[in-house]
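**Student:** Next up is a structure, given as structure tokens.
The values are calculated or read from the model by the stated rules, or taken from the named source; none is laboratory data. The model shown is predicted, which means the values in this text are computed figures rather than measured ones. Here the Cβ positions follow ideal geometry from the backbone for every residue, glycine too, while neighbour counts run over all protein chains shown.
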Amino acid sequence: MSDKITADPSCADPFDPSSISLAEALERIEQRVLPVHACERLPIRECLNRVNNEAVNSPHNVPSLPNSAMDGFAVAIDSLAAGGVTELEEIGTAYAGTPFNGNCERGQCVRIMTGALVPAGTDAVIMQEQAEISEHGKIRIEADHRVGENIRQAGEDVRQGETVIEAGARLSPADLGVLASLGLGQLQVKRKPVVAFFSTGDELVSVGEPLEPGKIYDSNRYSLHGMLSRLAVDIIDLGVVRDDPDSMREVLSKASSQADLIISTGGVSVGEADYVKPALAELGTTEFWKIAIKPGRPLTFGQIGASIFMGLPGNPVAVMVTFSQFVAPAIEALSGAQAHRPALFRARALEAMRKKPGRTEFQRGIATLEQNNQWQVGKTGKQGSGILTSMSRANCFIVLPDENAGVEAGDEVSIQFFDWSN
Ligand code: AMP
Ligand code: MG
């Protein structure tokens, strides 16, 4: 009998058998969210953070011709003596953008600037610092130089036909530079996903209105707006929606006609006056997931027509955790970007942390570099899911995985910096 009791799940168990893991939730999201199809052609400066549609292959070599990596003297290596010093006659100068047009013969050299084409008849550039000018104006160079020295070869950066930017890559400042180096002024990128969001709750008051007893200011719309603004999406703020079925239906049907992704906060806890799920079920499909994470356990996932719906919890920290772990990947999938997971770093815990196995916890941490260049991390005080300052004081999540059963000071933990936008 006692065996049976321990084998049956009870509400005292830290592990909820009906919940799904973080990894399982991510997998489901990536299965259900399809990328937008439409594309637009934009000047490359407007392509920053956008998703490249088709692989970019280089139309030519970069650099297109061999040029000098240094200021110095272009020479033919076989005109230098095998030992000792060789004196050469300087016959002209090659500038970046203005080549030296003659041919360099035996016994001669050409003064050359960084970026200038390597003159005909030469195969190495001797750094200015390694050459001497004699009394008679001759250039004196010691032995022991090699062919190709200080020369950037044609195609060294990019070979003609080589793929320089993959389809699905999110474009970085360096990518824009690479495109410019190929002479490409425009690029085809996926259109931005449109993301609409709203808050639910009769207790919510918008900033600027007086706060009556029992009411609270709506902070979720501001943190959500901030997180969305870091991503390449178009944003629609649908305001606060009252806890009643008609308002909920109305906002959902309006949002689904405009947005690829609809995000709500609040009203998804079990057992409360909850109007999100019934309205969603009427207009489309709905799934309710309990995810084995803390904070942020409940998540409603649904579809209305072509729009994806994600119902986040109401607690302000849970909103930010679920956004970073689920909404950001959903937006990546919608954007048509190659999937990636936020990087985890190892850090030494500065304090003990209590934790039950069976779920992944996201504590809010302040990570700093120790003198030996290792990360160390401490918590930002109280960690309740309503304590939003625990988030604003932090620079990272301390990610304690499912199997972790608590941390002692000095233990190694994983941290995830707050840069889920890139
Ligand atoms: P709910 O999921 O609607 O039960 O909300 C859980 C908790 O989060 C409650 O204490 C709410 O008052 C709070 N909450 C919900 N929405 C917001 C919001 N937009 N801004 C600040 N707190 C909120
Ligand atoms: Mg509520």
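**Student:** Limited to region 276-297, what total is found for residues that are within 11 Å of ligand 1 (Cβ to nearest atom) and either modelled with pLDDT of 90 or more or surrounded by fewer than 19 Cβ atoms within 10 Å (Cβ to Cβ) (or both)?
**Tutor:** Final tally of qualifying residues: 1.
**Student:** Then there is this: Taking region 363-394 on its own, how many of its residues are within 18 Å of Ala347 (Cα to Cα), of a type in the set (S, T, N, Q) and part of a loop (DSSP other than H, G, I, E, B)?
**Tutor:** Qualifying residue count, region 363-394: 5.
**Student:** So, one more: Which of the residues spanning region 184-204 are modelled with pLDDT under 95 and more than 9 Å from ligand 1 (Cβ to nearest atom)?
**Tutor:** Matches in region 184-204: Asp202 only.
**Student:** For region 336-354, which positions are more than 30 Å from Pro35 (Cβ to Cβ) and buried (at least 20 other Cβ atoms within 10 Å of the Cβ)?
**Tutor:** Listed by number, the residues that qualify are Ala347, Ala349, Met353.
**Student:** Looking at (1) more than 10 Å from ligand 1 (Cβ to nearest atom); (2) assigned to a loop (DSSP other than H, G, I, E, B); (3) farther than 22 Å from Ile387 by Cβ; (4) touching a strand residue (DSSP E or B) at 6+ places or on another chain (Cβ under 8 Å), which is the one condition that is false for Glu209?
**Tutor:** Condition not satisfied by Glu209: (4).
**Student:** Could you tell me how many of the residues in region 378-422 are in contact with a Ser or Thr (Cβ under 8 Å, 6 or more places away or on another chain) and free of Cβ contacts under 8 Å to residues at least 12 places away in the same chain?
**Tutor:** Of the residues in region 378-422, 2 are in contact with a Ser or Thr (Cβ under 8 Å, 6 or more places away or on another chain) and free of Cβ contacts under 8 Å to residues at least 12 places away in the same chain.
**Student:** Still on this structure, please answer the following. Taking the residues in region 77-115 that are among the hydroxyl-bearing types (Ser, Thr, Tyr) and farther than 15 Å from Leu65 by Cα as candidates, determine which candidate is farthest from the chain's Cα centre (by Cα).
**Tutor:** Ranking the qualifying residues of region 77-115, first place goes to Thr86.
**Student:** Pick out the one residue from Ser206, Ser256, Ser199 that is among the polar types (S, T, N, Q), touching a residue at least 12 places away in the same chain (Cβ under 8 Å) and over 17 Å from Ala279 (Cα atoms).
**Tutor:** Unique residue meeting the criteria: Ser206.
**Student:** From (1) assigned to a loop (DSSP other than H, G, I, E, B); (2) of a type in the set (Gly, Ala, Ser); (3) out of contact with any Gly (no Cβ under 9 Å at 6 or more places or on another chain), pick out the condition that doesn't hold for Gly267.
**Tutor:** (3)
**Student:** Here's something else I'd like to know. Within region 395-413, which residues are outside any loop (DSSP other than H, G, I, E, B) and acidic (Asp, Glu)? Please lay out each step first, then the result.
**Tutor:** Looking only at region 395-413, we keep the residues that are outside any loop (DSSP other than H, G, I, E, B), and these are 396-400, 407, 412-413.
Once the filter is applied, which keeps residues that are outside any loop (DSSP other than H, G, I, E, B) and acidic (Asp, Glu), region 395-413 yields only Glu412.
**Student:** If a residue counts only when it is touching a strand residue (DSSP E or B) at 6+ places or on another chain (Cβ under 7 Å) and hydroxyl-bearing (Ser, Thr, Tyr), which strands (runs of 3 or more DSSP E) contained entirely in region 12-95 have at least 2 such residues? Show your work before the answer.
**Tutor:** On the way: elements: 39-43, 72-75, 85-94.
Qualifying strands (runs of 3 or more DSSP E): 85-94.
**Student:** Among the residues that make up region 310-329, is at least one of them without any contact (Cβ under 8 Å) to a residue 24 or more places away in the chain and in contact with an Asp or Glu (Cβ under 8 Å, 6 or more places away or on another chain)?
**Tutor:** Taking region 310-329 as the starting set, the residues that turn out to be without any contact (Cβ under 8 Å) to a residue 24 or more places away in the chain are none.
Looking through region 310-329, none of the residues is without any contact (Cβ under 8 Å) to a residue 24 or more places away in the chain and in contact with an Asp or Glu (Cβ under 8 Å, 6 or more places away or on another chain).
**Student:** Every residue in region 218-232 that is basic (Lys, Arg) and either part of a helix (DSSP H, G or I) or without any contact (Cβ under 8 Å) to a residue 12 or more places away in the chain (or both), please.
**Tutor:** The answer is Arg221, and nothing else.
**Student:** Could you tell me which residue of region 214-250 is nearest to ligand 2 (Cβ to nearest atom), considering only residues that are among the acidic types (Asp, Glu) and crowded, with 18+ Cβ neighbours inside 10 Å?
**Tutor:** Among those residues, the one meeting the criterion is Asp243.
**Student:** Let me ask something else about it. Has region 182-202 got any residue that is in a loop (DSSP other than H, G, I, E, B) and within 16 Å of ligand 2 (Cβ to nearest atom)? Lay out the reasoning, then the answer.
**Tutor:** Taking region 182-202 as the starting set, the residues that turn out to be in a loop (DSSP other than H, G, I, E, B) are 182-185, 191-193, 201-202.
Still in the running and within 16 Å of ligand 2 (Cβ to nearest atom): 201-202.
Within region 182-202, one or more residues are in a loop (DSSP other than H, G, I, E, B) and within 16 Å of ligand 2 (Cβ to nearest atom).
**Student:** Just to be sure, is Arg111 in a loop (DSSP other than H, G, I, E, B), within 18 Å of Arg146 (Cα to Cα) and of a type in the set (D, E, K, R)?
**Tutor:** Taking the combined requirement at face value, the residue does not satisfy it.
**Student:** Let me ask another. From the list Ala333, Ala347, Ala343, pick out the single residue that is under 29 Å from Ser219 (Cα atoms) and not in a loop (DSSP other than H, G, I, E, B).
**Tutor:** From the options Ala333, Ala347, Ala343, the qualifying one is Ala333.
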